[in-house]
Amino acid sequence: MEEIDLKELIEMFLEKKFLIIFVVVLFAVLGAVYTNNFITPMYQSSTSLVLVQTGSERSATETSESITTTDLTLNSKLIDAYKVIANSKIVTNTVIKNLKLNMQTEELQEAIAVSSNSEAELVITVKHTNPESACKIANELAKVFKDKVTEIYKVENLYVLDVAETQYEPCNINLGKNIVIFAFVGAVLVAGYILLINMLDTTVKTDSDIERALGIPVLASIVLTGESAKKKNKKSKKSTKKSDSDANIPFSNNVQFFYDNDLDDSSDEKNVSLFSYVNKENLEKNNSNNHKKKGGRK
């Protein structure tokens, strides 16, 4: 594979800077359009409950609000069980019935997330396409869940710490983030395209390309401009049909290469061409060495 040094790589990208800018801007616009038109906004509301005590009966020496180490240990063990109950069918079906929601049980269960911030706190989060509905479901879910725990365990150890509030900012849409992601993807794609095109381009553009291809130094490079380049191009094509002993051919002991040289559009010189000459003996020696290497591989 042809090696590309850092300088050539930078120059290659600078030559295509307008293409890179265009693609990056295009992808950024696509990211904005996709975010605003193809993503359904989702709103979430959260309520938190804390485990406070394990029973209603206390000894005569303890007040009703006191909490012991045993209570905290038991509460921490109940957290995992409470997570299951909060998102169970019996709780979600009751919420659907109380709020008269047009939702299936599985659909509501997928919209509910139950987590624990500590060993004694539960956080219930509900996502919905309507912000008011998300808030109502979260609060009703906390109420029904609290009643079911009391019914099942015969204890009242849950307290609603934070009531859910309506959030009007979508939780799944971040316009700036999506634009940056799309722009980055565009930059990667256009960079890969430029590299691929450069690797597949085998045309000779400079005398350095001749040196790399043949492995021998270029003796001289002659720049011709305007009409002289066209005339020299015609003479070059005719000279290839004659033998190297023709005295009219300059540098008869050398091999001549002719190719167009790319110039910036801002250049005043048009039809600029370049003739490069390499030593014929070195070229024949280099070719014979290449044939020997290929023969040795067989």
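Table: residues versus (1) touching an Asp or Glu at 6+ places or on another chain (Cβ under 7 Å); (2) surrounded by 13 or more Cβ atoms within 10 Å (Cβ to Cβ); (3) of a type outside the set (A, V, I, L, M, F, W, C).
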site	(1), (2), (3)
Asn157	no, yes, yes
Asp162	no, yes, yes
Ile173	no, yes, no
Ile181	no, yes, no
Gly192	no, no, yes
Thr206	no, yes, yes
Ile210	no, yes, no
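With the structure loaded, tell me whether Glu151 is in contact (Cβ under 8 Å) with a residue 40 or more places away in the chain and surrounded by fewer than 19 Cβ atoms within 10 Å (Cβ to Cβ) or whether it fails that test.
no
Can you confirm whether Val149 is among the β-branched types (Val, Ile, Thr) and either closer than 30 Å to Lys17 by Cβ or in contact with a strand residue (DSSP E or B) (Cβ under 8 Å, 6 or more places away or on another chain) (or both)?
Considered against the rule, which asks whether it is among the β-branched types (Val, Ile, Thr) and either closer than 30 Å to Lys17 by Cβ or in contact with a strand residue (DSSP E or B) (Cβ under 8 Å, 6 or more places away or on another chain) (or both), Val149 comes out as yes.
From the list Lys83, Lys136, which one is at pLDDT below 95, among the basic types (Lys, Arg) and out of contact with any Pro (no Cβ under 6 Å at 6 or more places or on another chain)?
Only one candidate passes the filter, namely Lys83.
Counting only residues that are of a type outside the set (A, V, I, L, M), assigned to a loop (DSSP other than H, G, I, E, B) and under 17 Å from Thr166 (Cβ atoms), how many does the range 98-155 have?
Number of matching residues: 2.
The values are calculated or read from the model by the stated rules, or taken from the named source; none is laboratory data. Because the structure is predicted, anything quoted here is derived from the model rather than measured. As a convention, Cβ positions derive from the backbone with ideal geometry for all residues, glycine included, and neighbour counts pool all protein chains shown.
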